[in-house]
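Only one structure is covered here, and it is reproduced in the block below.
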Amino acid sequence: MSAEKVLREWKINAFKPVYWLEGDEPYFIDILVDYAEKKILTEAEASFNLTVFYGKDADWAEVVNACRRYPMFAEKQVVILKEAQHMRDIEKLEGYIDRPLASTIFVVSHKEKKVDGRKGLGKKLKDSKLVELFTTKKLYDNQLPEWAGQIVKEMGLTIGPKALHMLVDHIGNDLNRIENEIEKLTLNLGSKKTITEDDVEKYIGVSKEFNVFELQAAVAQKDLARCIRIIQYFESNPKAGPIQLILPAIYNFFSKLYILNSMQGVDERSAAAAIGVNPYFVKDYMAAARKYDYAGVEKVLLLLHEYNLRTVGVHDGGTSDAGLLKEMVVKIMC
């Protein structure tokens, strides 16, 4: 069950009595809770039939009593429990979830973690046909460009592959922020319908020349001088390229390169499909494969692991992030 499917059912007034929304990706939970709070009931109905609780302050008995009330001047009432992960005695909701009221739509936002499926409440959530259990997971980094591209498309715009990767690499795995930045671009584009690299640089503040994507490309091309220039820029502008974003990006690139090296005589389309990248970028991978053989890729992956540990103080006495990056790229290209 996806957030889109839940929304489609809600829009045709197909409801279950209980929606338990849990997991470590808040974006999709927030979309559903926002819709439940603002769209399921009309404004007139909501004044009598919408109740919102917050887990930290909510008493389980008050929540259950609210759920067991009958709606006034409407067919349904909506009860929302936000931040349920902070609620004391949350397992005591089990009794209501076992026998929910058909005229109540009970929506629970339980972020950051899942309920223990081995215990009573967790078992009820999984087994009951009256409950929609919606579990979210963080998108993998390689899924972010496609997801962000879909958001751009839904806003009636297009975006070039490089501009898309500049945007995603700069923000990282924060879906709410990616959507907000795309909305910012939409407002600033005026009548334009295509987001370019210049737009991302101007309105999001990502340099076209000095960003995580360009550093990855410089490493792939074994261009040490360019690597050092980009790292020096990051040293002067720490927010432009935090090492916590740089190392995973380069690791992701070389992990795909490792797969590509195992493939012999494939065309660009087949290579792009095999490693899961936009065909626009597959030439970069194939060019890098000519510079890094199996042994070379393994060496890079081991260095990335070593320097990731050093960023958190393992076998390192406090070298700066820029110092670690410079040292690492020199070793990669030796």
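The values are calculated or read from the model by the stated rules, or taken from the named source; none is laboratory data. Being a predicted model, the structure only gives us computed values, none of them experimental. Cβ: placed from backbone, ideal geometry, glycine included. Neighbour counts: every protein chain shown. Ligands, DNA and RNA are stripped out before the accessible areas are found, and what is left, the full protein with its side chains, is counted by its heavy atoms. Shrake-Rupley method; radii C 1.70, N 1.55, O 1.52, S 1.80 Å.
May I ask you to verify whether K153 is in contact with a helix residue (DSSP H, G or I) (Cβ under 8 Å, 6 or more places away or on another chain) and in a helix (DSSP H, G or I)? So K153 does not fit the description; no.
For (1) more than 30 Å from N237 (Cα to Cα); (2) among the small types (G, A, S), each residue gets a yes or a no:
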{"residue": "L260", "(1), (2)": "yes, no"}
{"residue": "M263", "(1), (2)": "yes, no"}
{"residue": "A274", "(1), (2)": "yes, yes"}
{"residue": "L303", "(1), (2)": "no, no"}
{"residue": "L309", "(1), (2)": "no, no"}
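Of all residues in the stretch 155-173, those that are under 16 Å from V282 (Cα atoms) have Cβ atoms under 6 Å from Cβ atoms of residues that are small (G, A, S) and open to solvent by 10 Å² or more (accessible area, probe 1.4 Å), 6 or more apart or on another chain, in L164/G149. The residues of the stretch 16-39 that are open to solvent by less than 50 Å² (accessible area, probe 1.4 Å) and over 26 Å from the mean Cα position of the chain (by Cα) amount to a single one, P17.
With respect to the conditions (1) assigned to a loop (DSSP other than H, G, I, E, B); (2) free of Cβ contacts under 8 Å to residues at least 40 places away in the same chain, K184 falls short on a single one, namely (1). The condition of being open to solvent by 30 Å² or more (accessible area, probe 1.4 Å), within 24 Å of I171 (Cβ to Cβ), of a type in the set (S, T, Y) and within 27 Å of the chain's Cα centre (by Cα) holds for only one of Y258, Y280, Y307, Y285, that being Y280. Of all the listed residues (K239, K299), the sole one being basic (K, R), modelled with pLDDT of 95 or more, open to solvent by 30 Å² or more (accessible area, probe 1.4 Å) and within 20 Å of L325 (Cβ to Cβ) is K299. The single condition among (1) closer than 28 Å to N65 by Cβ; (2) aliphatic (A, V, I, L, M); (3) crowded, with 18+ Cβ neighbours inside 10 Å that A3 does not meet is (1). At pLDDT below 95, open to solvent by 20 Å² or more (accessible area, probe 1.4 Å) and farther than 21 Å from I29 by Cα - does that describe any residue in the stretch 102-118? Yes; the residues of the stretch 102-118 include at least one that is at pLDDT below 95, open to solvent by 20 Å² or more (accessible area, probe 1.4 Å) and farther than 21 Å from I29 by Cα.
Examine the stretch 214-223 for a residue that is of a type outside the set (F, W, Y), open to solvent by 60 Å² or more (accessible area, probe 1.4 Å) and in contact with a Leu (Cβ under 7 Å, 6 or more places away or on another chain), and state whether such a residue exists. No; the residues of the stretch 214-223 include none that is of a type outside the set (F, W, Y), open to solvent by 60 Å² or more (accessible area, probe 1.4 Å) and in contact with a Leu (Cβ under 7 Å, 6 or more places away or on another chain). Scan the stretch 150-166 for residues that are open to solvent by less than 70 Å² (accessible area, probe 1.4 Å) and out of contact with any Pro (no Cβ under 9 Å at 6 or more places or on another chain) and the total you get is 10.
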